[in-house]
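The values are calculated or read from the model by the stated rules, or taken from the named source; none is laboratory data. Small disclaimer: the values here were computed from a predicted structure and weren't measured. Every residue, glycine as well, gets a Cβ built from its backbone with ideal geometry; the counts of neighbours run over all protein chains shown. The area values use the complete protein model at the heavy-atom level, side chains included, leaving out ligands, DNA and RNA. Shrake-Rupley method; radii C 1.70, N 1.55, O 1.52, S 1.80 Å.
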Amino acid sequence: MSSTSSRTLALATVTALALVSASACGTSSDASDQDSGGTVKLDVNGQPPKTQAFERELFDRHVARFEKANPDIDIVPHEGFMDPKTFNAKLAGGKLEDVFYVYFTDTRSLIEKKQAADITEAVKDMPRRGDIQDPLMKIFQDDQGRQYGLPTSNYSMGLVYNRALFEKAGLDPDKAPKTWADVRTAAKKIAGLGDNNVGYADFSKNNQGGWHFTAELYSRGGRIAEESGGKWKAAFNTAEGKATLQDLHDMRWKDDSMGSKQLLQVEDVQRMMGSGKLGMYIAAADNITVIAKQFGGKYADYALAPVPDAKATLLGGEGYMFNPKASPATIKAGVKWVQWRYLNPDLIEKNVADYAKAKLPVGIPMPTVPDVFEGSVRDRVEKAKQDKANMPTGNYQAFMDSAPHVPGVIEPPRAQEVYAVLDNVMQAVLTKKDADIDALLDSAEDKVDSLYDAS
């Protein structure tokens, strides 16, 4: 979903990824990006709203520090992030910020439509360029390897599970299920406790069913779509696709380990987990904070493991791109700001300390420690998190240890429309005992191919 409507709501609870851009702002041009004193005026978005008092104060403090160290750059911050509904109008009307936030799934389209500036030259000598995970950098590149933006944070899916419920069911909470067969076995034991306990839950409405089918299919090594000759085609009507649905069907109808209530979405499942009645579901790390803060869960009760089978994981995240009308001086200043603010291990270490001092969660594998680095720098920022952790980091260690070795795959093109088609498949499997999986996949394949043919 690129963080589509429904999924964005879940992520926004913790990371505020889906705030609508606030006030209009001007863009730079060759004639106006510098005042008479040689100062570059740089409009940027990503400033947290006033309702997030700590995050807003920290952001504004960073702006002041950056400007003091770079007196030739004047940062003009704007609340909010990217609103796809207004993006084109802002760009056409000259109101798009010089540096603007994007989801990973938007980068390809923006590059193809020439709605983002080529920053290749500006990043050649960027500090820490070689320490950023290359697959994340490639998300912001065209087919020729030209760079059009920078990744600043990412997440990947794992298996969230309830350690307390595992123990109650006689399962080892330090040994999460490693395969989908293991998930099925564990789910059956948890459901066997009775008292309305559910072993495994899944989404099936508001495009979230298609999103989760994608995550589960990726974990088995399958794909939703493949490109050939410049055209996309559905790729989920395969042995992996059938196995994904067959396991869900069997857990629901043969094992009775998914409960009778279906047509669930993320808030329903988070509520179940917070109540202590759910054993497992597929999610990103930020869900743990939501479960604890909004649904009464205890951090110590929850763990995050790699996705079952772990042949690949659904990858999402965000970064910043640059106004295609921006001058070279503006782009250079923008790259300096993004690197300093988001890709700077020195500042990340300071952020970790600030969050810990404010008694905000530190230790869960999510911002403030973005998992965008590799090698020694990744080790360094992880150590900073461990040193200041106020969360049970051991509960997430298996996920963190596996992260560099599990390939990340972003969402398919036209993800929301594809997910809407696949929602119907998930709903049928989870609500109809006699669901014909082959027929469901055949029909969905035809519909998705038609979507791509119309592109």
**Item:** For T214, net neighbour charge (Lys/Arg +1, Asp/Glu -1) across residues whose Cβ lies under 10 Å away
**Value:** -1
**Request:** Quick one: give the max-minus-min coordinate of the C-alpha atoms of the stretch 303-455 along each principal axis, largest first, in Å.
**Result:** 55, 47, 28
**Item:** Sequence of S257, S402 from largest to smallest accessible area, 1.4 Å probe
**Value:** S402, S257
**Message:** Rounded to two decimal places and with Rh computed the Kirkwood way over Cα pairs, what is Rg over Rh for the stretch 42-82?
**Reply:** 0.99
**Prompt:** Based on the inverse mean of 1/r over its pairs of different Cα atoms, what is the Kirkwood hydrodynamic radius of the stretch 117-187, in Å?
**Reply:** 15.8 Å
**Asked** Stretched out fully, how many nm does the piece from K85 to K138 gain, at 0.36 nm a residue minus the Cα gap?
**Response** 16.5 nm
**Asked** the chain: Rg/Rh from Cα coordinates, Kirkwood Rh?
**Response** 0.98
**Rule-of-thumb Rg ratio for the stretch 77-227 [Cα; 2.2 N^0.38 Å; N residues]** = 1.45
**Percent antiparallel among DSSP beta bridges (both partners in the chain, rounded to 5)** = 70 percent
**Message:** How far apart, in nanometres, would the label points at R108 and T185 be if each is projected 7 angstrom from Cα along the Cα-to-Cβ direction?
**Reply:** 3.8 nm
**Asked** How big is the Kirkwood radius of the stretch 254-366, worked out from every pair of different alpha carbons and given in Å to one decimal?
**Response** 17.8 Å
**Asked** Taking only the alpha-carbon atoms of the stretch 230-281, what semi-axes of the equivalent ellipsoid follow from 5 times the gyration tensor eigenvalues under a square root, in whole Å, largest first?
**Response** 28, 16, 8
**Message:** Give me the three principal axis extents of the stretch 173-323 from the C-alpha atoms, as integers in angstrom, largest value leading.
**Reply:** 54, 42, 30
**Message:** Just to be sure I follow the definition: excluding the sites themselves, where is the longest run in the chain that has none of the trypsin sites (Lys or Arg not before Pro) in a DSSP loop with at most 10 other Cβ atoms within 10 Å?
**Reply:** 125-358
**Asked** What net charge is computed for the residues neighbouring I139, neighbours being all others with C-beta under 12 Å from the C-beta of I139, Lys and Arg scored +1, Asp and Glu -1?
**Response** -3
**Prompt:** Quick one: if the Förster radius is 41 Å, what FRET efficiency do T51 and D401 give, using the C-beta to C-beta distance and rounding to 0.05?
**Reply:** 0.70
**Message:** Tell me the net charge near D83. Cut-off is 14 Å between Cβ atoms, D83 excluded, with +1 for each Lys or Arg and -1 for each Asp or Glu.
**Reply:** -1
**Solvent-accessible surface (1.4 angstrom probe) belonging to F87, in square angstrom, nearest 10** = 10 Å²
**Prompt:** So what is the calculated 222 nm ellipticity per residue for the chain, using -39500 (n - 2.57) for each DSSP H run with n of 4 or more, over all residues, to the nearest 500 deg cm²/dmol?
**Reply:** -13000 deg cm²/dmol
**Complete:** Across the stretch 220-348, qualifying lysine pairs (alpha carbons under 28 Å, at least 8 places apart or different chains) come out at 15
**Item:** For a label point 7 Å along the Cα-to-beta-carbon line of K233, residues of the stretch 423-455 with backbone N under 17 Å
**Value:** 442-455
**Message:** Largest first, please: the extent of the C-alpha atoms of the stretch 212-258 along each principal axis, to the nearest Å.
**Reply:** 44, 14, 12
**Item:** Potential lengthening between K68 and A353 on full extension [0.36 nm per residue; Cα-Cα distance subtracted]
**Value:** 100.4 nm
**Asked** So which GluC sites (Glu not before Pro) in the stretch 305-413 end up in coil per DSSP with only 16 or fewer other C-beta atoms within 10 Å?
**Response** E374
**Asked** So what's the gap between the Cα centers of the stretch 75-149 and the stretch 165-185, to the nearest angstrom?
**Response** 41 Å
**Asked** Given +1 on the Cβ of Lys and Arg, -1 on the Cβ of Asp and Glu, and no further charges, what dipole in debye does the chain carry about its Cα centre, rounded to the nearest 20?
**Response** 920 debye
**Item:** Measure of compaction for the stretch 293-359 (Cα Rg per 2.2 N^0.38 Å)
**Value:** 1.71
**Message:** Quick check of the Kirkwood formula: for the stretch 57-112, what is the inverse mean of 1/r over all pairs of different Cα atoms, in Å?
**Reply:** 13.3 Å
**Fill in**
In nanometres, the difference between 0.36 nm per residue of separation and the alpha-carbon distance of S260 and T39 is 73.3 nm
